[in-house]
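Below is one structure, written out as structure tokens; the observations come after it.
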Amino acid sequence: MGFKVFLMEYIINGLLLRKGTMSDFRSRTELVDEVTPLKKKSTQWRGLSAYWILGLCNNFGYVVMLTAADDIIKSHSDSHDEKKGPRDCVYLSTGAILLADILPALIVKLLAPFIPFFVHVRVALCIVVACAGFLMVAFSENITMSITGVVLTSFCSGLGEVTFLQYSAFYDKNVVSTWSSGTGGAGVIGAGTYTILNTFGMKNTLLIMLLVPITMGISFWVILPRPADEDKKLVEIQKRVNSEEVDSPVATFFNKIRKVPSLMKFIVPLSTVYLFEYFINQGTFELIKIKNDFVDPDKQYHWLQVDYQIGVFLSRSSVNLFHVRHIWIFSLLQLLNVAVFTTEAIYYYIPHFWIILMLTLWEGLLGGAAYVNTFYRVSSESKEEDKQFSLAATSFADSIGISIAGVISIFAHNKICDMPLPNGA
């Protein structure tokens, strides 16, 4: 871009001098002032676009594994003696896949904010591990191998989220909104793509999805502008923060620990929202089967996941239209959804599948809104020198909520499996 600016100035200056119009000659500084805004605008758009793609690629594998959870469990159910209750459901619920899909991410998110920030090493590791995860599940011969592949995918997703959120501190705060939109897009595209391509079989679908981590590398190393092209003062602050992490690791560690209590106003509401919504997704979706409707009961789980992800995508893309400061509202509304979905899984009182779809869309809207509004507030309200750690530490919130939901959903799922079917079901 610097060469293009120089070439443009050289041509214009040369033409003006040859015509002898020195009175119309503008100084080099004036020309640079006109070209620089164009350069800055182009750089900003590259940053926003790259972060959307990074959000898409980072969460893609995570979403695919959750959407495939029912298939993964059923593909190995014959090799285990899981008994079936009155409801004819597998006792190893999709909550087990949820735990494999989130616990490694939880551990990574807990540790990563406190270690030095070597972004290129982290991104390369994410790409390699993501590919390994897809391959392992695709060629799995038993449930242990499948869950190991899910674990690898989870590790990639967790490390990627904390890394890219930290790295967003080097850029305009609006990259947080495009990142959130991209992660929401991963839900729709990931769940939808898997559901559609699954007609070719789970193995072939997962092999096709190896393109996703490759796209992540292209977005990070090719599309995303280097921090040097952004606000130089901002970049210098963040570089100084990273240098201090390397030069004084112990002092930096304890300084970060002291900052955690101030972040609880973000962490607690976000974690409870995710606790409630993932209890719904992995504890009840599998058990809700409405017969004689427009979607086959065996396919309803997949389409509920797709519908949920549509809601997440819409709300995660909304922060620049409206911003909600009181995040705890989402927790209360999501708790009401827990009551509705749990009683439906037990009593089957909702007559039509499209009503379930509407409720699921609403659930996704609440979860996505909680996520994007939380991180937008953190990015906007944190001091520049604290922004990297604040964003990284807050990313721990959704994972802890999802992890607790995974444990609870397994017990709730099995308890409901033991219950007799309601009359007329």
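See the values below:
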{"read-out": "Among (1) touching a helix residue (DSSP H, G or I) at 6+ places or on another chain (Cβ under 7 Å); (2) in a helix (DSSP H, G or I); (3) touching a residue at least 40 places away in the same chain (Cβ under 8 Å), the one test that Phe117 misses", "value": "(2)"}
{"read-out": "Test result for Cys156, in contact with a Ser or Thr (Cβ under 8 Å, 6 or more places away or on another chain), part of a helix (DSSP H, G or I), at pLDDT 85 or above and crowded, with 19+ Cβ neighbours inside 10 Å", "value": "no"}
{"read-out": "Any hit, the range 84-98, residues being farther than 30 Å from Phe200 by Cβ, at pLDDT below 85 and either out of contact with any Lys or Arg (no Cβ under 9 Å at 6 or more places or on another chain) or crowded, with 19+ Cβ neighbours inside 10 Å (or both)", "value": "yes"}
{"read-out": "Residue list for the range 385-425, filter: surrounded by fewer than 16 Cβ atoms within 10 Å (Cβ to Cβ) and outside any helix (DSSP H, G or I)", "value": "Asp418, Met419, Pro420, Leu421, Pro422, Asn423, Gly424, Ala425"}
{"read-out": "Options Leu321, Leu366, Leu357, Leu335: the member that is of a type in the set (A, V, I, L, M, F, W, C), farther than 19 Å from Tyr274 by Cβ, out of contact with any strand residue (DSSP E or B) (no Cβ under 7 Å at 6 or more places or on another chain) and assigned to a helix (DSSP H, G or I)", "value": "Leu357"}
{"read-out": "Residue check, Glu384 of a type in the set (D, E, K, R) and in contact with a Leu (Cβ under 7 Å, 6 or more places away or on another chain)", "value": "yes"}
{"read-out": "Complete set of residues in the range 292-314 that are touching a residue at least 40 places away in the same chain (Cβ under 8 Å) and not in a helix (DSSP H, G or I)", "value": "Asp293, Phe294, Val295"}
{"read-out": "Helices (runs of 4 or more DSSP H) contained in the range 189-279 and holding at least 2 residues at pLDDT 90 or above and of a type outside the set (Gly, Ala, Ser)", "value": "211-218, 249-259"}
{"read-out": "Some residue of the range 347-356 being closer than 24 Å to Thr163 by Cα and at pLDDT below 90", "value": "no"}
{"read-out": "Residue count, the range 338-354 (criterion: among the aromatic types (Phe, Trp, Tyr) and either touching a strand residue (DSSP E or B) at 6+ places or on another chain (Cβ under 9 Å) or surrounded by fewer than 18 Cβ atoms within 10 Å (Cβ to Cβ) (or both))", "value": "3"}
{"read-out": "Of all residues making up the range 226-270, the number that are touching a Ser or Thr at 6+ places or on another chain (Cβ under 8 Å) and over 18 Å from Ser379 (Cβ atoms)", "value": "3"}
{"read-out": "So Phe341, is it under 30 Å from Val241 (Cβ atoms) and among the aromatic types (Phe, Trp, Tyr)", "value": "no"}
{"read-out": "Qualifying residue in the range 41-50 (condition: closer than 22 Å to Trp221 by Cβ, in contact with a Gly (Cβ under 8 Å, 6 or more places away or on another chain) and at pLDDT 70 or above)", "value": "no"}
{"read-out": "Flag for Phe294 being closer than 27 Å to Pro351 by Cα and modelled with pLDDT under 80", "value": "yes"}
{"read-out": "Residue check for Gln282: under 21 Å from the mean Cα position of the chain (by Cα), in contact (Cβ under 8 Å) with a residue 24 or more places away in the chain and within 22 Å of Tyr194 (Cβ to Cβ)", "value": "yes"}
{"read-out": "Answer from Val188, Val151, Val176 - the residue that is surrounded by fewer than 24 Cβ atoms within 10 Å (Cβ to Cβ), of a type outside the set (Gly, Ala, Ser) and within 26 Å of Leu48 (Cα to Cα)", "value": "Val188"}
{"read-out": "Where a residue in the range 144-171 is in contact (Cβ under 8 Å) with a residue 60 or more places away in the chain and farther than 12 Å from Lys109 by Cα and its partner, wherever it lies, is of a type outside the set (D, E, K, R) and not in a helix (DSSP H, G or I), with Cβ under 6 Å and at least six apart", "value": "Ser146/Ser140"}
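Per-residue answers, yes or no, for (1) aromatic (Phe, Trp, Tyr); (2) surrounded by fewer than 19 Cβ atoms within 10 Å (Cβ to Cβ):
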{"position": "Phe279", "(1), (2)": "yes, no"}
{"position": "Ile290", "(1), (2)": "no, no"}
{"position": "Leu304", "(1), (2)": "no, no"}
{"position": "Leu314", "(1), (2)": "no, yes"}
{"position": "Ser318", "(1), (2)": "no, no"}
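The values are calculated or read from the model by the stated rules, or taken from the named source; none is laboratory data. The shown structure was predicted, so the numbers you read here are calculated from the model rather than taken from an experiment. Counting neighbours? That spans all protein chains shown, and the Cβs are built from the backbone with ideal geometry, glycine included.
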